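One structure below.
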Amino acid sequence: MSSFDDREKGFEAKYKVDQETQFKVNARRNRLLGEWAAGQMGLSGDAVASYAKDVVAADFEKPGDDDVVAKVVGDLAAKGVKLGEAEVRKKMSELQAVARQQIASQ
């Protein structure tokens, strides 16, 4: 029974690490998305970092990515940038791979 318990603990530890990694990847992706969106809106300097933090914080409102997408699309529209949900989701998908690579190389 001990080997089964050890194996179960190993799976639990791997699951925990995987969840933590996914959280870090999503947070990095959202920061990168915020930086990209800030550039689309013409923000620069400290405003870019501040906006990126706001995008990361938006992910804590509801589970999933819809809250982040809604924030970015709404903010872009408010600044007169004509990018829709599909474009933002496409960019988010591209940045997911970039974020995963960055986190893996740390």
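Every read-out reported here was derived from the displayed coordinates using simple, explicitly stated rules and does not represent laboratory data. The shown structure was predicted, so the numbers you read here are calculated from the model rather than taken from an experiment. Reconstructed Cβ throughout: ideal geometry from the backbone, glycine too, with neighbour counts over all protein chains shown.
Brief remarks on what is shown
- For the chain, the longest principal axis of the Cα atoms and the long axis of helix 85-104 meet at an angle of about 50 degrees.
- Rounded to the nearest 10 degrees, the angle from helix 2-40 to the longest Cα principal axis of the chain is 10 degrees.
- FRET efficiency, THR21 to LYS82 (Cβ-Cβ, R0 35 Å, nearest 0.05): 0.50
- Between ALA47 and PHE60, the distance separating the two model label sites (each 7 Å from Cα on the Cα→Cβ line) works out to 2.5 nm.
- Beyond 13 Å, the tail of the calculated P(r) for the stretch 1-49 holds 67 percent of the Cα pairs.
- Residues of type aspartates and glutamates that LYS53 reaches as a straight line, Cα spacing below 18 Å, ignoring anything fewer than 8 places off in the same chain: GLU35, GLU61, ASP65, ASP66, ASP67, ASP75
- Rg/Rg_ref, the stretch 2-104, where Rg_ref = 2.2 N^0.38 Å and atoms are Cα: 1.32
- Cα lying deepest toward the dipole's positive end in the stretch 2-104, options ALA13, GLY64, ASN26, charges on Cβ: ASN26
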